[in-house]
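J.: First the structure, then my questions, so here it is.
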Amino acid sequence: MKLAESLSDWTDYDIAMFEFGRALGIFPEGTTFGSVRGMFFMETPLSSALGEAMDALVKIGVLAYREAEYRWVGTVDIPAVRRATSGDQ
């Protein structure tokens, strides 16, 4: 399943991180959320990396974030990307 489909509705952060990891191919085929959910309830290198990457996608407008939930927006805000890469806020 594509990330856009997985996050088409507001999705709790832990499930969103799992879906992001699946989309990147981090989790082996057939891995269920229940089998790895513990790694999202505490700070781990994996949860930190996924969270930081997702926050970067929020910053450029690909994902939306509200109160521990993410949702796919799907369009790239080119000016925001340019600002993020140039260091301008």
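J.: Please give the contour-minus-distance gain from Leu46 to Glu67: 0.36 nm per residue of separation, less the Cα-Cα distance, rounded to one decimal in nm. Don't skip to the end; give the middle numbers.
T.: Working: separation 21, 0.36 × 21 = 7.56 nm, distance 2.10 nm.
Net length gain for the segment: 5.5 nm.
J.: How high is the FRET efficiency between Ser8 and Arg82 when r is their beta carbon distance and R₀ equals 35 Å, given to the nearest 0.05?
T.: 0.80
J.: Sticking with this one: Longest exposed-loop-site-free stretch of the chain, with GluC sites (Glu not before Pro), DSSP loop and at most 10 other Cβ within 10 Å?
T.: Free of exposed loop sites, the longest segment is 1-28.
J.: So for Thr44, Thr11, Thr75, fewest C-beta neighbours within 10 Å to most, what's the order?
T.: Thr75, Thr44, Thr11
J.: So between Arg37 and Asp55, what do we pick up on full extension, going 0.36 nm a residue minus the alpha carbon distance?
T.: Residue separation times 0.36 nm, minus the Cα-Cα distance, leaves 4.5 nm.
J.: Further question on the same structure: Which chymotrypsin sites (Phe, Trp or Tyr not before Pro) from the range 51-84 combine a DSSP loop assignment with at most 10 other Cβ atoms within 10 Å?
T.: Loop-located and lightly packed - none at all.
J.: In whole Hz and in residue order, list the ³J(HN,Hα) couplings for the range 51-58 that follow from phi through the Karplus curve 6.51 cos²θ - 1.76 cosθ + 1.60, θ = phi - 60°; x for Gly and Pro.
T.: Whole-Hz 3J(HN,Hα) from phi for the range 51-58: x, 5, 5, 5, 5, 5, 5, 5.
J.: Please identify every one of the trypsin sites (Lys or Arg not before Pro) in the chain that sits in a loop by DSSP and has no more than 13 other beta carbons within 10 Å of its own beta carbon.
T.: In loop regions of the chain (DSSP not H, G, I, E or B), the sparsely surrounded trypsin sites (Lys or Arg not before Pro) are Lys2.
J.: Pairs of alpha-carbon atoms within less than 8 angstrom and 6+ residues apart define the contacts here; what relative contact order does the chain have, in percent?
T.: Reported relative contact order: 32 percent.
J.: Also, I was wondering about something else. Let me spell out the model: positive unit charges on the Cβ of Lys and Arg, negative unit charges on the Cβ of Asp and Glu, origin at the Cα centre of the chain. What dipole size does that give, in debye rounded to 20?
T.: Around 240 debye, computed over the chain.
J.: Follow-up. Provide Rg and Dmax in Å for the chain, with only Cα atoms included in the calculation.
T.: Cα radius of gyration and Dmax of the chain are 13.4, 41 Å respectively.
Every number in this text was worked out from the coordinates using simple rules, so none of it is lab data. Bear in mind the structure is a predicted one, so any value in this text is a computation, not a measurement. As a convention, Cβ positions derive from the backbone with ideal geometry for all residues, glycine included, and neighbour counts pool all protein chains shown.
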